[in-house]
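The values are calculated or read from the model by the stated rules, or taken from the named source; none is laboratory data. Just so it is clear, the model here is predicted, and its values are computed rather than measured. FYI the Cβ positions are ideal-geometry reconstructions off the backbone, even for glycines, and counts take in every protein chain you see.
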Amino acid sequence: MQWDDSIRYLKGVGEKRAEKFEKLGVSTVGQLLQLYPRDYVDYSRPWPVASAPWEGSCVVRAEVYSKQPERRVSGGRKLTKVLAGDETAMLELTWFNNPYTAEKLEIGKEYLFYGRVGGGMGKRQMIAPAVQPAVGGAPMTPVYPQTEGIQTPYIARCVAAALEGLDAIPDPLPEEMRRKYRLPDKASALRMVHRPQDMREVQAGRRRLIFEELLTLQLGLSLLRSRGRRQDAPCIPPVDLGPFFASLPFSPTGAQRRASAEILQDLAGPAPMNRLLQGDVGSGKTLVAAAAIYAAGRAGWQSALMAPTEILARQHAETMQRLLAPFGVRVALLTGGMRAAAKRETLAAIAAGEAGLVVGTHAVLSAGVEFAALGLAVTDEQHRFGVRQRQLLAAKAKAPHLLVMSATPIPRTLALLVYGELDISVLDELPPGRTPVKTFAITGKKRADMFGFLDGQIAKGRQVYFVCPLIEEGQGAAAQMQAAADYLEHTVRPLLPTRRVGLMHGRLKPKEKAAVMEEFAAGKLDALVSTTVIEVGVDVPNASVMVIENAERYGLSALHQLRGRVGRGGGESWCFLVSDHPGEAVRERLHFLCGTTDGFAIARYDLDHRGPGDFFGRRQHGLPALKIADLMTDTRALHAAQQEAAALLAADPRLDGVPLLAAQVQRLFEDGAAMN
């Protein structure tokens, strides 16, 4: 069996289970071995029954004393109980609809039980614990990410079959590099991570795999950057932005002027611009992008602006039309939902160079879109574009300048550490007229009072956003839609019986979403119940209140993004974070958000308390998703990987001497053409 063979041919898998594995991102044997454990159960140091941490998961050593006959309980479930214990206390073990585990236990024999401990001091309890013999079992067992029908024990069996069945495990790291950093070979590292004897083996295996993943990432980023530097950029000479700024009904902030000057300097350079424009919610990134598009248009070049949804694409197109039409820049909107005749007309205008700016969704990337002279590509990183999508957009011209906008503030040092030579402009001032949103954390007991306040705001002619309760991850779009509908019918309508309330969710078709948002923007709806689709930049200046239910389920940066949807009209605005979670840490997080509107401080707090998952990986900033490395905690490995990547590319720019590593880089970035 080979590394790239389909997992369906692995012993015990087959066609149906292979389909379930795909939900975990696993379709090959190699990808299965890269489904790394998220935790481990250490059976080598069990607790006595009485000392086991109450309400915590742990391993307990106990002798089986007796078994109770199986009986049926409410709901038709079968209940099986076993009484065990040691010299310190009794332990009651319970299984539902699983008599087989209890049947295998022998009275008078000791076992190791893993699970959550409950009950009192005299008799502890465990429900559905994992079991293994007290002697002869594995000292450590992995805990894997799971999905319906694919649980940890089955994944562990498949991993064992893969490790035993592979003819060879290719090692992309040169031997001298492994010696330099005292790293095990890849086959040993995988065995250490998946079937360890102790935590030292886990750490040694992880150290090797983390270094390899970060080296692959750094090589890919370096190749992408060097590819851009080797090409001649469209010539966009410096232009006086005075007329453009003078046409605005307000004066740009110092940060907007500074960022615009940095971008214009890049546009005039010999190499294509590759700049990240990051700024807090409402800091005016769109205006800076418009200034760059204005400069490109004055030099005779077309621009493209990619938006995540048709709603936001239309909004961007209207904004750009207002800003650029006075200077003769024709703005064309291109979306997947256009009528065929209108689309043909737009495509012809783009190909003829008559459209100075093309605003669109992913439709801009489709094969039928041909630009006459694309000089500047702008992507709104809020929509989680990946490297591949950005490369497809850039491929519409020889080497266009690239501006990436992000509303998720990243601490500058961390951004530079990851992006390396990518230039960064930061908007750290709010434009005049943007007042801070007053934020309050409340419990459900205050909901009736809050709705009284909302009704008063609506009576004054203002509008309200409701972000409906976020359901548990993995329940799907249909369940999310149902949760939104239930919240509308059972909570909002009874408490706002005379108000006009609309519903927005991810299962609506683009035209249906646009129709709902147009009604809301036009003031035909007093309130909008929505899933987080409103996060992606919808601008309704008259909306003054944001209500976020189950606020504890969001990261602070996500809450800050949602909060930024209100307060756009210049008047007072409010955000209510509703949560009944009893945890002290949750209350502390939400109260921190109530006390600051500084997006960078919020991002730093999120990074410190939740890790970098919200900031890096394909979901946020287009970097390939990392399987084992952590960009916040593995900084030493990241620095070493950066040094080794630079040395490798200096000696072998095309990585011809390390073909396995080169192939791994291409796979990670999902776009082999981008590496040529």
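Can you find a residue in the range 88-99 that is among the small types (Gly, Ala, Ser) and without any contact (Cβ under 8 Å) to a residue 40 or more places away in the chain? For the range 88-99, residues among the small types (Gly, Ala, Ser) and without any contact (Cβ under 8 Å) to a residue 40 or more places away in the chain: absent. The strands (runs of 3 or more DSSP E) falling completely within the range 109-208 that include 1 or more residues that are more than 30 Å from residue 638 (Cα to Cα) map to 110-119, 123-127, 130-133.
Just one of the listed residues (554, 487) is modelled with pLDDT under 85 and aromatic (Phe, Trp, Tyr), and it is 554.
Among the residues of the range 78-90, is any farther than 17 Å from residue 130 by Cα, among the polar types (S, T, N, Q) and surrounded by 13 or more Cβ atoms within 10 Å (Cβ to Cβ)? Within the range 78-90 (the criterion being farther than 17 Å from residue 130 by Cα, among the polar types (S, T, N, Q) and surrounded by 13 or more Cβ atoms within 10 Å (Cβ to Cβ)), the answer is yes, since at least one residue qualifies.
Give the residue that is farthest from the chain's Cα centre (by Cα), with candidates limited to residues of the range 507-550 that are among the charged types (D, E, K, R) and at pLDDT below 90. Working first, answer last.
First pass over the range 507-550, keeping only residues among the charged types (D, E, K, R): 507, 509, 511-513, 518-519, 524, 526, 535, 539, 549.
Going one step further and asking which of them are at pLDDT below 90, we end up with 507, 509, 511-513, 518, 535, 539.
Values: 507: 20, 509: 23, 511: 26, 512: 26, 513: 23, 518: 28, 535: 13, 539: 23 Å.
Residue satisfying both the conditions and the ranking: 518.
Tell me yes or no: at least one residue of the range 266-285 is surrounded by 13 or more Cβ atoms within 10 Å (Cβ to Cβ), of a type in the set (S, T, N, Q) and modelled with pLDDT of 90 or more. No, every residue in the range 266-285 fails to be surrounded by 13 or more Cβ atoms within 10 Å (Cβ to Cβ), of a type in the set (S, T, N, Q) and modelled with pLDDT of 90 or more.
Screening residue 226 on (1) in a helix (DSSP H, G or I); (2) modelled with pLDDT of 90 or more; (3) surrounded by fewer than 17 Cβ atoms within 10 Å (Cβ to Cβ) shows it passes everything except condition (2).
Identify, please: which residue in the range 397-415 is assigned to a loop (DSSP other than H, G, I, E, B) and at pLDDT 70 or above and is, among those, nearest to the chain's Cα centre (by Cα)? So the residue we want is 407.
When we screen 287, 305 for residues that are in contact with a His (Cβ under 9 Å, 6 or more places away or on another chain), of a type outside the set (Phe, Trp, Tyr) and closer than 26 Å to residue 258 by Cβ, the only hit is 305. Surrounded by fewer than 16 Cβ atoms within 10 Å (Cβ to Cβ) and modelled with pLDDT of 95 or more, is that true of residue 207? No, not satisfied. The range 1-102 holds strands (runs of 3 or more DSSP E) entirely within its bounds, and those carrying 3 or more residues that are among the hydroxyl-bearing types (Ser, Thr, Tyr) map to 57-67. Taken over the range 178-197, the criterion of being buried (at least 19 other Cβ atoms within 10 Å of the Cβ) and among the aliphatic types (A, V, I, L, M) is satisfied by 183, 189, 190, 192, 193.
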